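Here is the structure we will look at, set down as structure tokens.
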Amino acid sequence: MTSDTATRARVLVVDDAATVRLYHNSLLSEAGFEVSEAANGLEAVEASLSAEFDLYVVDVNMPKMNGYTCVETLRSETVGTAAPVVMISTEDRPGDADRAYQAGANLYLVKPVAGDRLVRVATMLTAGREEAA
Amino acid sequence: MNPLLSQFLAEANDLLASVDEGLLQLERVPGDPELVNEVFRAAHTFKGSSGLFDFPELTRLTHAAEDLLDQVRGGRLALDSGMTDDLLAAFDLIRGWLAHVTAHERLPASAGNDAAGLITRLRAPLGGEEAGPTSASAGPARVISAAPQWLAWFDAEWLTETAGWLATTASTLRFVWYTPDTDCFFRAEDPLHLIRQVPALDKLNVVQPQTWPTPEEYDEYACLLSFAVATRAAVGELEYLFRYVPDQIEIVELDADAITRHLSGEPPLHVEEPVTAAFVPMIDSELAADARAVLHAAHRALTMEGVVTEGTRLRSVRHAVTAAAGALGVPVALAEAGPAELIEAVVRLAGEAAPAPVPAAVAVEPVERREERADERRADDPGGQVGTRVLKVDQEKVDRLMELVGELNVAKNGLTFLADAAEEEFGSRVLSRRIKDQYAGLHRIAEELQAAVMDVRMLPLSVAFGRFPRLVRDLSRRLGKTIELVTEGEDTMADKDVIEALGDPLVHLVRNSLDHGIEPSDERVAAGKAPAARLTLAAVADGDAVIVEVSDDGRGVDPERVKRKAYEKGLISEEELETLSDSEAVDLVFRPGFSTADQVSDLSGRGVGMDAVRASVEKLGGAVTMKSKFGQGTYTRLRLPLSMAVTQVMVVSVSGQRFGIPVDLVVETVRVPVAEMGRVLHQDVVMMRGEVVPVIDLARVLDMPWAPGEGEDRRILVVSVNGQRIGLLVEAFHREVDVILKPMEGLLAYADEFSGTALLGDGLVLLVLNMKEVLGLAARVA
């Protein structure tokens, strides 16, 4: 029952919309995650180089570097992040999810994501993070 | 307002501005892929954020606009000006809605009707209305089929009415059942406060316990009430609001059908066990569904050609599958599994998980986890911000800082009075000097602080210029004129108050140019000009001032016509009609009561003329001049102080009362022997370097009982007003001080001879004179 940083799962919320970041950040923070934010793919990749995250929650359509490229970069050998990635987008056309999986995401959700669902998914995907590391 | 909504509104402002700007630029550079993309992304981001709230019309309208932009972006449609008009109209409508949301936290009732026509028009180029409701934007379907038993707390009549309303509207309604823990007060929870914050509240029922405890057993620190709430707020908002008490609330969304069925006596959901029992199994099945979604994703990734082979990707899929298996209660060991083994495991897990109900013990686990985490949050840290380097600060906070700087200045000025007192009253010159040294140090820091705060308040002129591309576009279309707008020096910075105050005069000047100055194309061609007129807005910094110029190459001002008009209106005498030079004639347009348009046009003529422009610019401490060459164009120049926050005034006194005069106006201070004073036509004058300067007795103008002593040198403050030198006879000169000018309020607001008040370091209030009015007063007194 301690709030020791080492035991809390770290999440990077990546979205260009500040409102969405605030929404995701507060939901996950309330649920006990340690949350950081990035406003586009490039910032996310930069953040991943200087800190380790147990989960990435990534928007698709962003300036500078979009979500797909961001996840591909995270999965590339140079960055080499195996941490789970949930992509969240407003797009719900056939093939959108596959593009996310192709990039290396582990789950594709359509916006807006209900708060309990986001927390549930985040909890599930970070449950076994020690083994995965 | 909840922070999520206010964040949304702030962000929406920025996004809508970039949509507008982008659309207008696109008209100039049609099809520029970079611009299209920019506009699309802003609209897209806006739609994404709007989906967090229950603004169905907003999301639907944005969605239609976004779809149109998406087609343009994909090169399947070319943006024509009709589409641009529709898009601009859509975002204008949205802007209006957001103003309503800011005030009422909901969309106006007419939103659906207002949007309907626009949505049809926006969708027309795409081949008509999208089939069915917009599934992508409306979010997951959350309407459940049966009403919970606590719906009985809402009275039947209201429910009937509501069901009828729900059947006809696009809005949706959520019902919240909130049962605070009996000991919630000991955990600093405040149920009443929470309920008060429920946005878009439609109905509230406070539910009392069925039996109250006996007076002996009654514990006033136990919460025994429950709340049944109906609201139009979105689930996301509600979850955000109740985030500290997720286990004490239940949220359901009901449609008209569900309510009607409830009213007709259908057995409610979860009859015998109330809230909590129903809560846990729901989580179970949802968790299982999420786990299966992760498995499905893994399967897709594993079976798509060349996606997952080895390394990072393989490890990540392995990790996700392990996590999903754990959540399903079927732990698996996949430590070294390759792609083939993983596919096998995923298929096996999906098969096992689908039909079998989830074992209860395992499924409850995440709930405990949540509670455990809920405790951790007490010591939470706000979470790191990655890559944010620009702070958005509430304007009020900056204003507060400026106020404090002002107070610091006042306190600082107090030291100089103290130094004087040390020397004069206590006879200690040493102490006086040391206080002055202290003052000097403090003064430097205060000045730097002030500069730093003022720097924060500085905004680029582009903020003031920003509205003109749109304005010029709309007006020129209505007038049937072709106009090219050129802006220069948008990066020039000025204080935000100056920028804000500049808005109206600029709009007036630009409208004047468009309406009166610029000719229709055929007239221009006949005059040998290019058919497209050119309107230039330019800004340039000049020391402590910023100069803004509005110029056009239109027909210019006809000095003869202006003079005739002014004469007809009785503004000038017959003699002036003959003698006024052309440039003096042009200046007549600033006279109150003058308007050159023969007819009042609906564009610029609104009963206020150029005199209003001059008045508002002078109120800012600036000046406005106009030059015009008949047939070639008009050029108006506004000169404004960079900042209005701090004014330097010279303090003088009459009859013991001190007054401030803006230092900008002061030319010099002189002491003149009585013998050198002269008199011309009942007007006291003094000769200065060969120039006759009229001298006004300030005491007389302000009706103060004071007259200079016999034979005593006259103290005269020479000021320059409207290019004319005038002497003010005063009793004594004092120092110059920096003050924050506060406008006159209340009864004194009509005392035009004062431009404001300021607090001095010794606590006295200084009245600052409005020299123009004082001179007018002097003319009346004389």
Q | Potential extension, B:Arg95-B:Asp522 segment - 0.36 nm per residue separation minus Cα distance | A | 150.0 nm
Q | Amide H within-cut-off set for B:Glu519, under 5 Å, with H built and near neighbours excluded | A | B:Arg555
**Q.** Sites B:Val674 and B:Asp504 - FRET efficiency at Förster radius 35 Å, r taken between beta-carbons, to 0.05
**A.** 0.10
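Just to verify a number: FRET efficiency for B:Ala612 and B:Asp190, C-beta to C-beta distance, R0 = 41 Å, to 0.05?
The value I calculate is 0.20.
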**Q.** Test item: Cα-centred dipole of the stretch A:7-132, Lys/Arg +1 and Asp/Glu -1 on Cβ, debye
**A.** 180
Q: State to the nearest 20 debye the size of the charge dipole of the protein assembly as shown about its Cα centre, where the only charges are +1 on K and R beta carbons and -1 on D and E beta carbons.
A: 2060
Q: Compare B:Ile696, B:Ile343 by solvent-accessible area with a 1.4 Å probe and give them largest first, with all protein chains kept in place.
A: B:Ile343, B:Ile696
Q: Please check which bits of the stretch B:655-671 a label hung off B:Arg725 would reach, taking the label as a point 7 Å along Cα-to-C-beta and the cut-off as backbone N under 15 Å.
A: B:665-671
Q | Dipole in debye (nearest 20) - chain B, about Cα centre, beta carbon charges: Lys, Arg +1; Asp, Glu -1 | A | 2040
Q) Can you give the accessible area per residue of the stretch B:395-459, in Å², using a 1.4 Å probe? A) 66
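How would B:Glu161, B:Glu403, B:Glu710 rank on accessible area, largest to smallest, probe 1.4 Å?
I get B:Glu710, B:Glu161, B:Glu403, largest accessible area first.
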**Q.** Degrees, to the nearest 10: B:395-424 long Cα axis against longest axis of chain B
**A.** 40
Q: With everything on Cα atoms, drop me the angle between helix B:156-168 and the longest principal axis of chain B, reported from 0 to 90° to the nearest 10.
A: 80
Q.
Along its three principal axes, how long is chain A when you only count alpha carbons? Whole Å, largest extent first please.
A. 43, 33, 24
Q. Per-residue accessible area for B:Trp97 at 1.4 Å probe radius, Å² rounded to 10?
A. 10
Q | Mean ellipticity per residue at 222 nm, deg cm²/dmol - from DSSP H runs of n ≥ 4 across the protein assembly as shown, formula -39500 (n - 2.57) | A | -14500 deg cm²/dmol
**Q.** Kirkwood Rh and Cα Rg combined as Rg over Rh, evaluated for chain B
**A.** 1.09
**Q.** Simple label model, 7 Å out from Cα along Cβ direction - A:Glu52 to B:Glu736, nm
**A.** 6.4
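Please list, by residue number, every one of the GluC sites (Glu not before Pro) in the stretch B:423-457 that is coil in DSSP and has at most 15 other beta-carbon atoms within 10 Å. Please list the in-between numbers first.
Numbers: sites: B:Glu423, B:Glu424, B:Glu425, B:Glu447, B:Glu448; in loops: B:Glu425.
The qualifying sites are B:Glu425.
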Q | Residue-level accessible surface for B:His734, protein heavy atoms, 1.4 Å, Å² | A | 80
Q | Percent accessible area from carbon and sulfur atoms, the protein assembly as shown, protein chains only, probe 1.4 Å | A | 53
Q. What accessible area, summed over both chains, is buried at the B-A interface (1.4 Å probe, Å², nearest 100)?
A. 5600
Q.
Please check: in the Gaussian network model of chain A (C-alpha springs, under 10 Å), which one of A:Tyr23, A:Tyr101, A:Tyr68 has the largest mean-square fluctuation.
A. A:Tyr23
Q) Given a 1.4 Å probe and the protein chains all in place, what does the accessible area of B:Trp158 round to, in Å² to the nearest 10? A) 40
Q: Would you be so kind as to list the residues of the stretch B:236-258 that have their accessible area lowered by at least 30 Å² in the full protein complex compared with their chain by itself (1.4 Å probe)?
A: B:Glu239, B:Tyr240, B:Arg243
Q. In degrees, nearest 10, range 0 to 90: what is the angle between the Cα axis of helix B:610-619 and the longest Cα principal axis of chain B?
A. 90
Q: Kindly work out what percent of the DSSP beta bridges joining two residues of the protein assembly as shown are antiparallel, to the nearest 5.
A: 75
**Q.** Excluding exposed DSSP-loop trypsin sites (Lys or Arg not before Pro) (at most 13 other C-beta within 10 Å), longest clean stretch of chain B
**A.** B:77-388
Q: Using 0.36 nm per residue of separation minus the Cα-Cα distance, give me the extension gain between B:Gln657 and B:Val207 in nm, one decimal.
A: 155.3 nm
Q. Residues in the stretch A:100-119 near a label at A:Thr78, defined as backbone nitrogen under 20 Å from the 7 Å Cα→Cβ point?
A. A:103-105
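Using a 1.4 angstrom probe on the protein heavy atoms only, line up B:Thr172, B:Thr312 by accessible area, largest first.
Most to least solvent-accessible, the answer reads B:Thr172, B:Thr312.
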Q | Net lengthening on full extension, B:Ser6/B:Glu773 (0.36 nm per residue, minus Cα-Cα) | A | 271.7 nm
Q. If you build a Gaussian network model of chain A, linking Cα atoms that sit under 10 Å apart, which residue out of A:Val57, A:Val14, A:Val45 swings the most?
A. A:Val45
**Q.** Cα-projected label distance for B:Asp713 with B:Asp155, points at 7 Å along beta-carbon direction, nm
**A.** 8.8
Q | Cut-off 20 Å (backbone N to label point 7 Å along Cα→Cβ of B:Arg28), residues of the stretch B:438-465 | A | B:460-465
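The values are calculated or read from the model by the stated rules, or taken from the named source; none is laboratory data. A quick note: this is a predicted structure, and the numbers were derived from the prediction, not measured. Note that we place each Cβ from the backbone using ideal geometry, even for glycine, and neighbour counts take in every protein chain shown. Heads up: the accessible areas ignore ligands, DNA and RNA and are worked out on the full protein's heavy atoms, side chains in. Shrake-Rupley method; radii C 1.70, N 1.55, O 1.52, S 1.80 Å.
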